[in-house]
Every structure is written in C-alpha cells, then in structure tokens.
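Take a look at the structure below.
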Amino acid sequence: MTPDPTPETTALQHRVIRSFVKRTGRTTSGQHKALTELGPRFLLPYQESTLDFVAAYADSTRATGQNSIKPQPLILEIGFGMGEATAHIAALLPETNFLCCEVHDPGVGALLKRIGEQDLHNIRICAHDAVEVIDHMLPEQCLDGIHIFFPDPWHKARHNKRRLIQSPLIAKLAPRLKVGGYIHCATDWQEYAEQILQVLTEEPLLKNTALAAHPELQGYAPKPYYRPLTKFENRGLKLGHGVWDLVFERV
Ligand SMILES: C[S@@+](CC[C@H](N)C(=O)[O-])C[C@H]1O[C@@H](n2cnc3c(N)ncnc32)[C@H](O)[C@@H]1O
C-alpha cells in the first residue's frame, strides 16, 4: 500500500515551476579535471534523507584543528554560478562550513577548480535543485546563514513565477535557520529587490536587521563586508546599475 503523502511530498509533486532551466553549457578542460579529481571529495550526492553534517565536513574540521565537540557554523548558498563570491567568502571565513547548491555543471566545475587553486576545505557542493535539498536534507534549525546572491531575475512578467525568492521558499528556509541566524540576498534588479523585501518582511520568523541600524536605506542593508564585488557586479555598477542587499535575522 502506498503511504499517505506528507505535505512536503505533495508540494513537491505539484511543484512543476523551477527557478532554473538546465543549460547544456560546455565544461572547460580545467573544470572537467576539477570535477574528476576533486568531485569525489567535495561533491555531496543529493539524497532523500537528512544530511549527516559531521561526516560531510569531517575533513574541514580536521583542517582547522577543531574537534567535533564544537560544530562549525554552517551557511547554505543557493545558486553560486561560477563560484567567485563563494570561494572568496569561504577563504575569508575558514572556520565556517558552506553547503553550496548549483545546477549548472560548468559552474560546479568552476567552483571545484577554485577549491583546488585556493586549497579550501570548508565547501561542499550539492549539484542539485536547492529546493529539493532544503526539503529533504536539511532539518529545522541547522543553518547559521543563507546566501542568495543575484538570483535569476526572470525579467519578463510571464516568467516572474520562476523567481526563486517567493513566500513558499522563505517559509521553508526560515525554520531551518537557527535563532539568530541570517538570510542575506542581493540583487541588481530593482523590482526583484522590492519583491524580496516584501516576501522577507512578511515572514513572521524573520526580522529586518537594517531597519533600525540604517533607516535611511528603507529596508535595504549596506553590503556586508564578506560579500565581494564580483566582475559581473562591477560591470553593472560602472554602467550605473544599482545593487540591493537584504539581511534578515531569524527570531
Ligand atoms: C544569475 S546566477 C547568479 C550566480 C552567482 N550567485 C553570482 O552572484 O554570480 C543564478 C544561479 O542560480 C542557479 N539556480 C537557480 N535556481 C536554482 C536552484 N533551485 N537550485 C540551485 N541553483 C539554482 C542558476 O543555475 C544560476 O547559476
């Protein structure tokens, strides 16, 4: 007999609109080499059960001389692209672990290549739809932070429904943050920034950290020190485009 579906499996069966279209981008020889040589150590296979965080980051714990009694903070990143910001932040915060989801194979190869070049120990990659990773692999209150940088804006009105940051996703993410943990989003698309601000503000488990500290920014936050200006962002800024950071805390 088939067991009754849980609310999460029902939601999954009905969720046909994804926030990405799987592109068949070519991997370079360097990315391919990184996938072959470093993939076995740094790629976490997607699974339909809770992730064993201690086992997943055992190497990282040893590399920083920590013992398993004091767990290292864990940040989830959704959609790291080519991994430029990811590698920068992981190098800056060696005692924090990063669980990074991306569905674009060349991007996964590119981040693995950076991991090798920069000798990083604290990143694990799940090359899978982050929404399913959240649903199945992450229990409540397991995350210290969430990074979502420049999610696809899906500009055209008929594609807006594909945007990653919408209330149902935030309702899944907020309980997975520890109390005091944060979610940090950044976008260069003003109308998406307004949508993100609204969605995060409406989530009862989240509080906008910028409102009291920077009332002049009308809910947006100054760029946190750890987020680098990537090549893509610099190009946009030179063209006069804006960038909006949003940082909310789990209450
Ligand atoms: C516009 S890119 C931004 C990349 C990077 N964060 C940056 O700042 O350059 C958005 C990325 O999110 C990825 N993405 C979108 N939805 C995703 C999902 N549900 N799970 C994992 N990755 C996703 C896409 O494949 C794409 O590479």
Suppose we keep only residues that are more than 13 Å from the ligand (Cβ to nearest atom) and without any contact (Cβ under 8 Å) to a residue 60 or more places away in the chain within segment 139-156. Which one would you say is surrounded by the fewest Cβ atoms within 10 Å (Cβ to Cβ)?
156
For segment 108-119, what are the residues that are in contact with a Gly (Cβ under 6 Å, 6 or more places away or on another chain) and in contact (Cβ under 8 Å) with a residue 40 or more places away in the chain?
110, 113
Do you know which residues across segment 128-157 are over 21 Å from residue 72 (Cα atoms), at pLDDT 95 or above and charged (D, E, K, R)?
129, 132, 135, 152
What residue, of 186, 193, 174, is closer than 21 Å to residue 80 by Cα, within 19 Å of the chain's Cα centre (by Cα) and outside any helix (DSSP H, G or I)?
186
May I ask you to verify whether residue 136 is assigned to a helix (DSSP H, G or I), in contact (Cβ under 8 Å) with a residue 40 or more places away in the chain and over 14 Å from the mean Cα position of the chain (by Cα)?
yes
Filter segment 196-251 down to the residues that are away from the ligand (no atom under 16 Å from the Cβ), among the aromatic types (Phe, Trp, Tyr) and surrounded by 12 or more Cβ atoms within 10 Å (Cβ to Cβ) and list them by number.
220, 248
Hits in segment 215-251 (condition: within 30 Å of residue 140 (Cα to Cα) and assigned to a loop (DSSP other than H, G, I, E, B))
219, 220, 222, 223, 224, 225, 226, 227, 228, 251
What about residue 168, is it within 16 Å of the ligand (Cβ to nearest atom), at pLDDT 95 or above, closer than 30 Å to residue 53 by Cα and loosely packed, with under 14 Cβ neighbours inside 10 Å?
yes
Condition check for residue 159: in contact with a helix residue (DSSP H, G or I) (Cβ under 9 Å, 6 or more places away or on another chain) and surrounded by fewer than 22 Cβ atoms within 10 Å (Cβ to Cβ)
no
Kindly indicate the residue of segment 78-92 that is assigned to a helix (DSSP H, G or I) and not aliphatic (A, V, I, L, M) and also farthest from the ligand (Cβ to nearest atom) among those meeting that condition.
88
Are there any pairs with C-beta distances below 9 angstrom linking a residue in segment 74-98 that is farther than 23 Å from residue 131 by Cα to a residue that is within 16 Å of the ligand (Cβ to nearest atom) and outside any helix (DSSP H, G or I), with the two at least 6 apart or on different chains, and if so which?
88/226; 88/227; 88/228; 88/230; 92/226; 92/228; 93/75; 93/226
Options 116, 109: the member that is surrounded by fewer than 23 Cβ atoms within 10 Å (Cβ to Cβ) and either small (Gly, Ala, Ser) or near the ligand (Cβ under 10 Å from one of its atoms) (or both)
116
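The values are calculated or read from the model by the stated rules, or taken from the named source; none is laboratory data. The structure displayed is predicted, hence computed values, not measured ones. Cβ atoms come from the backbone with ideal geometry, glycine included; neighbour counts cover every protein chain shown.
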